[in-house]
Ligand code: 13P
């Protein structure tokens, strides 16, 4: 099971002081072998975070990368090889918070190709909006995001899919268990055997419900991942 923390635009150097709680917990966690914890902090914290986690099996990823894999005059941007060079092993691509501000499927496709070329593993986010859900076109939307996002990518072994319904992000809402099981099943069939994670308002309460959805391979956690107690609780409760 993957437990991926997406810190979004939160966190300064001092925020790393909370990591020892998660490291200590994880060191003695009985199910440790079947768990992978990945932190995706803002770019400013990737390097210091990898240093803090040196003695731990917890890994670090980034939250986005530029679509250009060479260097260039792109003020304010960072490409995949730059992320790799400071210790990132993963990168989140296609998050709805970026799609919403103009990131297209084509850009996402270029970003994924660039990340794979730099030997980063990709956490590829897909998900429908509330309007699309109401129109009952969720599967069509996901299918298109997958098709265009992974266009001409043959080897998808280093790609994890994160199904994040846009309407569940930061709202406290989660899909009905049957809907979620069906959607994950659909994605897995479409992808032929990728791991599929769920993201959207995962917290220490609703994990008791989510953990019974047997085809989910882990969670991409926003808000709750910034609080070590909540993050640890989510991991613990997934196993009891
Ligand atoms: P929340 O857990 O805060 O809803 O965020 C989910 C998310 O966007 C993770 O990428």
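Of all residues in segment 24-46, those satisfying the criterion of being at pLDDT 95 or above and in contact with a helix residue (DSSP H, G or I) (Cβ under 8 Å, 6 or more places away or on another chain) are 25, 26, 29, 35, 37, 39, 41, 43, 45, 46. Exactly one residue among 124, 212 is closer than 19 Å to residue 3 by Cα, touching a residue at least 12 places away in the same chain (Cβ under 8 Å) and over 18 Å from the mean Cα position of the chain (by Cα), and that residue is 212. Look at (1) crowded, with 17+ Cβ neighbours inside 10 Å; (2) within 24 Å of residue 156 (Cα to Cα); (3) more than 16 Å from the ligand (Cβ to nearest atom) and you find that residue 38 fails only one, number (3). If I filter segment 65-82 for residues that are surrounded by 13 or more Cβ atoms within 10 Å (Cβ to Cβ), under 15 Å from the mean Cα position of the chain (by Cα), part of a loop (DSSP other than H, G, I, E, B) and within 16 Å of the ligand (Cβ to nearest atom), do I get at least one hit? The answer is yes, given that some residue of segment 65-82 is surrounded by 13 or more Cβ atoms within 10 Å (Cβ to Cβ), under 15 Å from the mean Cα position of the chain (by Cα), part of a loop (DSSP other than H, G, I, E, B) and within 16 Å of the ligand (Cβ to nearest atom). Candidates are the residues of segment 84-99 that are surrounded by fewer than 19 Cβ atoms within 10 Å (Cβ to Cβ) and in a loop (DSSP other than H, G, I, E, B); the one that is nearest to the ligand (Cβ to nearest atom) is 89.
The values are calculated or read from the model by the stated rules, or taken from the named source; none is laboratory data. All values derive from a computational prediction rather than experimental measurement. Here the Cβ is made from the backbone with ideal geometry for all residues, glycine too, and neighbour counts use every protein chain on show.
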